[in-house]
Amino acid sequence: MERKNAWKSYTSAEVKRVFDFSDQYKAFLSDCKTERECVAYFVKKAEKAGFKNLKDVIASGKKLKAGDKVYADNYGKAMSLFVIGTDPIERGINILGAHIDSPRLDLKQNPLYEDQELVLLDTHYYGGVKKYQWVTLPLALHGVIVKKDGKKVPVCIGEKPDDPVFGVSDLLIHLSATQLEKKGNKVVEGEDLNVLVGSMPEKPAKDGEKEDAKDLVKKKILALLKKEYKIEEEDFLSAEIEVVPAGPARDYGFDRSMIMGYGHDDRCCAYPSFEALLTIPRPRRTACCLLVDKEEIGSVGATGMESKFFENTLAEVMNCAGQYKDLSLRRAITASKALSSDVSAAFDPNYPSVMEKKNCAYFGRGLVFNKYTGARGKSGSNDANAEYMGEMRRIFDKHKVFFQTAELGKVDQGGGGTIAYIFGNYGMQVIDSGVAVLNMHAPWEIISKADLYEAYKGYIAFLKEA
Ligand code: MN
Ligand code: MN
């Protein structure tokens with residue numbers, strides 16, 4: 001039962017569409033490296049496409065009707081968007097869910113220190129990373145600093161061609177005898193992921209100042225931060241600064257069939273999900289795109305999938321549509337259908353031993369359905385119903401969308417989780433679906449342009465037909 005490679009059947013016009021869509025995605029991925037940057041991007045684009053902020057709709061007292069578009073922003077780090085359908089919402093909605101947080105290094109709250117006239121920023125890594133992959137790379141700082149008066153200072157340093165970049169050093173090979181004896185997970189340790197940001201001491205020689213005045217590099221860096229960003233050292237206490245790979249997403253391979261970028265997981269599902277929703281003018285079932293934060297650390301917190309944000313927002317939407325009752329909300333959620341979209345592991349010819357070749361994902365063969373994820377006997381997985389998978393086959397075949405089915409590696413080789421089970425907790429039908437990735441969770445991940453485009457096509461088909 002081998003699945004077909006999409007490239008083999010594309011016409012030249014289709015290849016052009018695939019490449020054009022990929023160019024838009026690359027621009028998005030290059031600009032949006034944090035969950036906040038993603039939400040800001042999507043809000044701006046949604047408003048242009050006619051989506052109204054749900055808060056404003058509630059305040060205005062206007063009634064939502066079929067074809068109306070609304071979005072809700074969850075602390076600027078997660079969001080949901082709805083296109084109201086002609087059916088009563090009680091009959092269920094079609095949901096595309098994905099996450100917009102990615103593995104990275106976060107600055108600690110008290111990060112700045114000087115050691116032997118070098119100034120560094122201390123970090124705590126976020127999500128599952130192979131720590132040794134994050135050294136000797138150009139890194140950028142993205143995030144916000146919130147002042148005591150509530151004013152937000154956005155931070156994005158390391159992306160413009162003339163910006164400085166930062167990085168975590170690694171030990172020179174010449175002195176690595178002991179280091180290279182260590183196990184992979186200890187070669188670079190979490191507490192050693194310190195980002196070098198300065199080395200130039202302030203001149204101490206003012207009259208009266210001691211020659212051995214301490215921390216003169218730090219002093220100079222702080223003066224610079226104050227001058228350029230109007231921030232004090234204490235402002236790091238209320239900051240969220242993410243250290244991410246610097247530089248844009250790029251075409252990969254002689255044939256430019258792939259994209260290398262930071263944060264494909266899971267923006268290569270979030271982006272086509274969002275774009276698919278924009279193509280839906282007036283659906284039968286209300287169409288929804290849900291973009292969440294904190295998946296990489298367990299879907300926790302107010303902006304993660306475990307929060308009540310989705311449920312409460314749907315209640316508000318139903319209320320604005322004049323359809324809210326507690327029972328109606330419960331019926332709506334139970335009768336909903338979801339594609340929980342997250343990345344899948346692509347077959348890697350360098351590491352074939354962890355894959356079972358009949359049941360793994362391949363570049364170019366389209367969107368990947370994972371009936372189940374999990375580890376050690378499917379533990380922790382949402383195991384989608386065969387009936388639902390049957391319906392997805394019907395929809396995808398009808399719309400000529402390339403798809404494949406896969407597991408995350410061989411049995412007992414490892415595993416992973418997604419937000420699918422949380423949709424499942426509501427009693428709705430849900431299946432994991434997404435795009436295959438090479439180098440998953442590495443600073444630079446790779447996807448196939450064909451898979452990205454087939455995901456986009458598949459998400460549109462789902463919103464129309466499910
Ligand atoms: Mn993911
Ligand atoms: Mn992940």
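The stretch between ILE297 and ASN312 holds 3.1 nm of extra length on full extension. This uses 0.36 nm per residue minus the Cα-Cα distance.
Derived scalar couplings between HN and Hα for segment 418-425 equal 9, 8, 4, 5, 6, 4, x, 4 Hz in order, rounded to whole Hz, by the Karplus curve 6.51 cos²θ - 1.76 cosθ + 1.60 (θ = phi - 60°), x for Gly and Pro. Per-residue 3J(HN,Hα) values for segment 299-307, derived from phi via the Karplus relation 6.51 cos²θ - 1.76 cosθ + 1.60 with θ = phi - 60°, read 6, 8, x, 5, 9, x, 5, 6, 6 Hz in sequence order (x marks Gly and Pro). Entry note, the chain: the mean residue ellipticity at 222 nm calculated from DSSP H runs of n ≥ 4, each adding -39500 (n - 2.57), is -8500 deg cm²/dmol after division by the residues and rounding to the nearest 500.
Over every Cα atom in segment 335-376, the radius of gyration and the widest Cα-Cα span, Dmax, amount to 12.4, 43 Å.
In this structure, the pairs whose alpha-carbon distance is over 18 Å, taken from LYS147/LYS227; LYS62/LYS337; LYS55/LYS337; LYS44/LYS464; LYS148/LYS219; LYS77/LYS152, are LYS62/LYS337; LYS55/LYS337; LYS44/LYS464; LYS148/LYS219. Could you tell me how far the Cα centroid of segment 22-78 sits from the Cα centroid of segment 128-149, in Å? Comparing the Cα centres of segment 128-149 and segment 22-78, I get a distance of 25 Å.
Rounded to the nearest 20 debye, the dipole size of the chain about its Cα centre is 2100 debye, using +1 on the Cβ of Lys and Arg and -1 on the Cβ of Asp and Glu. Shown for the chain: the carbon plus sulfur share of the solvent-accessible area, taken with all protein chains present and a 1.4 angstrom probe, equals 52%. Can you classify segment 104-245 as rounded, prolate or oblate using the Cα gyration tensor, where a ≥ b ≥ c are the square roots of its eigenvalues, rounded means a/c under 1.5, and otherwise it's prolate if a/b beats b/c and oblate if not? Oblate.
The charge dipole of segment 1-152, taken about its Cα centre with unit charges on the Cβ atoms of Lys, Arg (+1), Asp and Glu (-1) only, comes to about 600 debye. Ranked by the mean number of other Cβ atoms within 10 Å of their residues, highest first, the peptides 77-86, 179-188, 2-11, 394-403 fall in the order 77-86, 394-403, 2-11, 179-188. Once you order the gyration tensor axes a ≥ b ≥ c over the Cα atoms, which shape class does segment 97-152 get: rounded for a/c under 1.5, otherwise prolate or oblate by comparing a/b with b/c? Oblate shape, in that a/c is at least 1.5 and b/c is the bigger or equal ratio.
Summarising the strand pairing of the chain, around 70 percent of its internal DSSP beta bridges are antiparallel.
For the chain, the fraction of C-alpha pairs farther apart than 29 angstrom is 51 percent. Placing unit charges on each Cβ (+1 for Lys and Arg, -1 for Asp and Glu) gives segment 104-245 a dipole about its Cα centre, and among SER238, HIS174, VAL135 the Cα reaching farthest toward its positive end belongs to SER238. Just to confirm the number: angle between the C-alpha axis of helix 449-465 and the first principal axis of the chain, 0 to 90 degrees, nearest 10? Tilt of helix 449-465: around 40 degrees. When the chain is described by a simple charge dipole with +1 on each Lys and Arg Cβ and -1 on each Asp and Glu Cβ, the residue from HIS124, PRO272, ALA302 located farthest towards its positive end is PRO272.
Solvent exposure of the chain amounts to 48 Å² per residue of accessible area, where only protein heavy atoms count and the probe is 1.4 Å.
The values are calculated or read from the model by the stated rules, or taken from the named source; none is laboratory data. If you're wondering where the values come from, they're calculated on a predicted model, not measured in any experiment. Every residue, glycine as well, gets a Cβ built from its backbone with ideal geometry; the counts of neighbours run over all protein chains shown. In case anyone asks, the SASA skips ligands and DNA or RNA and just uses the protein heavy atoms, side chains included. Shrake-Rupley method; radii C 1.70, N 1.55, O 1.52, S 1.80 Å.
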